[in-house]
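Report on the structure given below.
The values are calculated or read from the model by the stated rules, or taken from the named source; none is laboratory data. All values derive from a computational prediction rather than experimental measurement. Reconstructed Cβ throughout: ideal geometry from the backbone, glycine too, with neighbour counts over all protein chains shown. Keep in mind that these areas ignore ligands, DNA and RNA; they rest on the heavy atoms of the full protein, side chains included. Shrake-Rupley method; radii C 1.70, N 1.55, O 1.52, S 1.80 Å.
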Amino acid sequence: MATWNLTGTRHHVLICNGGSCMRKGGEEVTSAIREEIARLELDCDVHTTRTRCNGRCEDACVVIVYPEGIWYKSITPERGKKLVQQHLMNGEPLEEAITYQYEQEQGFIFSGNSTTSLGIQKLGK
Ligand code: FES
């Protein structure tokens with residue numbers, strides 16, 4: 001148990017540890033991301049949280065970065081390290097792995113490629 005002072009934190013990274021993501025290496029992805037954050041001395045800038053299923057299992061391993069509202073798919077340990085270096089350290093999202101991006105006026109925008117499932121339509125949309 002811990003209670004972190006998050007004042008000044010710039011990114012919150014949600015690392016999916018639901019069943020589908022864990023079967024695709026979620027533990028190794030979690031470790032790789034956290035180790036890279038520590039190696040680059042970004043602990044004060046980045047807070048990470050292990051989550052349960054985020055509802056995009058076909059995209060396993062799923063990693064989500066706020067406040068940008070960017071959802072990533074198919075994150076491997078290597079891609080996780082690249083995500084830390086490129087997005088969290090340099091502010092350049094990993095375009096090739098983005099599935100959704102948040103836009104102020106429109107909400108989440110699907111940004112996946114042809115191999116990405118749009119998923120089940122929510123009721124009322
Ligand atoms: S287990 Fe990760 S999105 Fe479902």
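Summary table
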{"quantity": "Within the stretch 1-18, tally of residues that are away from the ligand (no atom under 16 Å from the Cβ) and within 12 Å of the chain's Cα centre (by Cα)", "calculated": "2"}
{"quantity": "Within the stretch 19-34, tally of residues that are free of Cβ contacts under 8 Å to residues at least 40 places away in the same chain and near the ligand (Cβ under 8 Å from one of its atoms)", "calculated": "3"}
{"quantity": "Odd one out for residue 78, checked against (1) in contact (Cβ under 8 Å) with a residue 60 or more places away in the chain; (2) more than 29 Å from residue 1 (Cβ to Cβ); (3) not polar (S, T, N, Q)", "calculated": "(1)"}
{"quantity": "Residue in the stretch 50-67 that is in a loop (DSSP other than H, G, I, E, B), among the acidic types (Asp, Glu) and open to solvent by 40 Å² or more (accessible area, probe 1.4 Å) present", "calculated": "no"}
{"quantity": "Condition broken by residue 107, with the remaining ones in (1) open to solvent by 70 Å² or more (accessible area, probe 1.4 Å); (2) free of Cβ contacts under 8 Å to residues at least 24 places away in the same chain; (3) farther than 15 Å from residue 37 by Cβ satisfied", "calculated": "(1)"}
{"quantity": "Which listed residue is within 14 Å of the ligand (Cβ to nearest atom), more than 22 Å from residue 121 (Cβ to Cβ) and not charged (D, E, K, R), from 37, 75", "calculated": "75"}
{"quantity": "Unique match (being surrounded by 15 or more Cβ atoms within 10 Å (Cβ to Cβ) and under 24 Å from residue 95 (Cβ atoms)) among 26, 18", "calculated": "26"}
{"quantity": "Conditions (1) more than 16 Å from the ligand (Cβ to nearest atom); (2) surrounded by 14 or more Cβ atoms within 10 Å (Cβ to Cβ); (3) acidic (Asp, Glu): number failed by residue 43", "calculated": "(2)"}
{"quantity": "Close pairs from the stretch 87-98: first in contact (Cβ under 8 Å) with a residue 40 or more places away in the chain, partner open to solvent by 90 Å² or more (accessible area, probe 1.4 Å), Cβ under 9 Å, at least 6 apart", "calculated": "88/10"}
{"quantity": "Evaluation of residue 116 against (1) surrounded by fewer than 18 Cβ atoms within 10 Å (Cβ to Cβ); (2) within 15 Å of the ligand (Cβ to nearest atom) (one fails), failing number", "calculated": "(1)"}
